[in-house]
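**Student:** Sharing a structure below in structure tokens format, with a few things to ask.
The values are calculated or read from the model by the stated rules, or taken from the named source; none is laboratory data. Computed from a predicted structure; not experimentally measured. Neighbour counts are summed over all protein chains in view; Cβ atoms, including those assigned to glycine, are modelled from backbone coordinates with ideal geometry. Protein only, heavy atoms only, side chains kept; ligands, DNA and RNA dropped before computing areas. Shrake-Rupley method; radii C 1.70, N 1.55, O 1.52, S 1.80 Å.
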Amino acid sequence: MLSQRYQRLVQPLLMSLFMTVLMTFVITWVNTGLDAGFAARWWQAFLIAWPIAFVVILLIMKPVMRLSAHICSKET
């Protein structure tokens, strides 16, 4: 297992990985269908999208956490 200090990298890595796998699968399926070339098309889309998603999550994670804390801070 990794040290707790790596959580700031592991969490966005896992979030981006799971979301990118799901979204590229669905969008590739919707746009091109499930045929013999699907896996290759999906893999190429994933390889392009995942690094972008990872960097974006790294950049926006703290502001999004602050915004969600602000939104959820008021009692109703």
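**Student:** Once phi is turned into ³J(HN,Hα) by the Karplus curve 6.51 cos²θ - 1.76 cosθ + 1.60 with θ = phi - 60°, what whole-Hz value does each residue of the range 7-13 show in order, with x for glycine and proline?
**Tutor:** Once rounded to whole Hz, the list reads 4, 5, 9, 5, 4, x, 4.
**Student:** Something else now. Roll a 1.4 Å probe over the protein chains and send me the accessible area per residue for the chain in Å².
**Tutor:** Working: 6320 Å² over 76 residues.
On a per-residue basis, the chain sits at 83 Å².
**Student:** Hey, what do the phi angles of the range 23-31 turn into as Karplus ³J(HN,Hα) couplings, whole Hz, using 6.51/-1.76/1.60 and θ = phi - 60°, x for Gly and Pro?
**Tutor:** Along the range 23-31, the couplings run 5, 5, 4, 5, 5, 5, 4, 5, 7 Hz.
**Student:** Loop-only check: which trypsin sites (Lys or Arg not before Pro) in the range 19-76 are DSSP coil with at most 11 other Cβ within 10 angstrom?
**Tutor:** In loop regions of the range 19-76 (DSSP not H, G, I, E or B), the sparsely surrounded trypsin sites (Lys or Arg not before Pro) are LYS74.
**Student:** Counting only protein heavy atoms and using a 1.4 Å probe, what share of the accessible area of the chain belongs to carbon plus sulfur, as a whole percent?
**Tutor:** The C+S portion of the solvent-accessible surface of the chain is 73 percent.
**Student:** Among ILE60, MET23, PHE46, flag the residue with its Cα farthest along the positive direction of the charge dipole of the chain, charges on Cβ as +1 for Lys/Arg and -1 for Asp/Glu.
**Tutor:** Result: ILE60.
**Student:** Here is a follow-up. When only the heavy atoms of the protein chains count and the probe is 1.4 Å, how do SER16, SER73 rank by accessible area, highest first?
**Tutor:** SER73, SER16
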